[in-house]
Amino acid sequence: MATRNRAQLPAAISEPITWQTICERYPDEWVCLAEIDWVNDTDFSFGTARVIGHGKARRESFEQARPWRDRYPSIGHFFTGPIRVPLPHHVLP
């Protein structure tokens, strides 16, 4: 009997939760969000959203969200940790 890849299984969907709760549950992970309750169109502020995929690697979160694409054509993809920008080459020792 072949084992199924975890990414092929339908992902569980969270209840509507705030960004703060998402960051606490999924620290330093990529998250795919659906049913995002945007506060406005000019920044990242939202009330709540449902997590439909998460993981340390982008691909992992995308694969978990894949079964939900038909239901949610608009999916947000965000990182819950600090933004790390590589230093320019001329700054490196």
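Each value in this text was obtained by applying a stated rule to the coordinates, not by laboratory testing. Values in this document were obtained by computation on a predicted structure and should not be read as measured data. Neighbour counts run over all protein chains shown; Cβ positions are idealised from the backbone, glycine included.
Remarks
- Here the Karplus curve 6.51 cos²θ - 1.76 cosθ + 1.60, taken at θ = phi - 60°, turns the phi angles of the range 67-74 into couplings of x, 9, 4, 5, 7, 10, x, 10 Hz, with x standing for Gly and Pro.
- If you take all other residues with their beta carbon under 15 Å from the beta carbon of E15, and give Lys and Arg +1 and Asp and Glu -1, the sum is -1.
- Residue-by-residue Karplus 3J(HN,Hα) for the range 46-52, coefficients 6.51, -1.76, 1.60, Hz, glycine and proline x: 8, x, 9, 7, 9, 7, 10
- Mean Cβ neighbour count within 10 Å, used as a protection proxy, ranking 71-84, 15-28 highest first: 15-28, 71-84
- Two-site label geometry, T42 and H77: point separation in nm, points 7 Å out along Cα→Cβ: 2.8 nm
- Where a label projected 7 Å from the Cα of K56 along Cα→Cβ would reach, residues of the range 66-87 with amide N under 18 Å: 79-84
- Sequence of L33, L87 once ranked by neighbouring C-beta atoms within 10 Å, starting from the fewest: L87, L33
- Remark: the range 33-39, residue by residue, has Karplus-estimated 3J(HN,Hα) of 10, 10, 6, 6, 8, 5, 7 Hz, where x stands for each Gly or Pro and the curve is 6.51 cos²θ - 1.76 cosθ + 1.60 at θ = phi - 60°.
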